[in-house]
Amino acid sequence: MLKELKFFWETVKETFTEWNNSSASNDSASLAYYAIFSIPGLLIIIIWLAGYFFGEDAIRGQISTQISGMMGADAAKSVEEMIAGALIDKENIFMKIVGIGSLVFGATTLFFQLQKSLNNLWDVEAAPKKALVKFLLDRANSLGMILILGFLLVITMVLTLVISILNDFIARTIGLETYYIIEIINFTVGFGVTTLLFALMYKVLPDVEISWKSVWKGAMLTSVLFTLGKFLLSLYFSEFKPTSAFGTAGTVILVMLWINYSCLMIFFGAEFTKVYTYKKGYRIAPSKHAKWSSAKLYKDSQVKNETPAV
């Protein structure tokens, strides 16, 4: 047990050093910028997908509740306005096709850029002869992540509904106060769904073949940091209102701050996954549409030349 804790702590320290020396802060800022243009399309597609099961109004309400809990009512209202402004004219077939295409392109841009950043972290790049195929696959993977988000939202809503029904049943028949128990269950469900999302993100998006053992470790650490940050940031935003000085632009800045933090934690978890994988000696290889980057090959050659012959 002590040995495992020591290994974990050493991995975290090495991860922090690598993460601090990487381009994580610049990449997070760039992704926050792309997210502003991707959010309307991303949310509309999720609303369409999950709304098929629960109705679009119910999904909109759920999304608004989640955003309000993280960033406040003003941010939730602004996001609702962004969604309303991006709604597609369903009567005009041509505009519907163009609108859906632009929404898909905009929504997948965020994950597309995230994938490029993760590839840079893992020191891989697209193989030159497969660049076009790789581009199309990347967009497909990004769309796949959006479908997964919609699916996870449906699962979360189903579980929340079941838990709520059980809570009412227990309170009515047994008369026990189950508030804290239900809150713990809700938290556990949310944490599990978040961990699954990060695990899929680390496994599907980067163009490397890595062990699920490493992926789950990195996803769990990222979920802990994300959940802690979610609580602290929501408290900070509600109590101090740091964006009030920016007027109507304050909400956009708030959203960018939140996404910037989330991306920083995603990159930290990805860096942890990488360091953990190397320290454990698990197999790592580029996918069939990618190759090791020139920077990676150069570093490996330098290490090989510095290693004394036996």
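A few points about this structure:
- Checking each residue in region 1-26 for being under 26 Å from the mean Cα position of the chain (by Cα) and farther than 16 Å from Ser214 by Cα picks out Lys13, Phe16, Thr17, Glu18, Trp19, Asn20, Asn21, Ser22, Ser23, Ala24, Ser25, Asn26.
- Residues located in region 266-292, provided they are at pLDDT below 90, in contact with a Leu (Cβ under 8 Å, 6 or more places away or on another chain) and either more than 15 Å from Val124 (Cβ to Cβ) or of a type in the set (A, V, I, L, M) (or both): Ile266
The values are calculated or read from the model by the stated rules, or taken from the named source; none is laboratory data. Just so it is clear, the structure is predicted and the values come from calculations on it, not from any experiment. Counting neighbours? That spans all protein chains shown, and the Cβs are built from the backbone with ideal geometry, glycine included.
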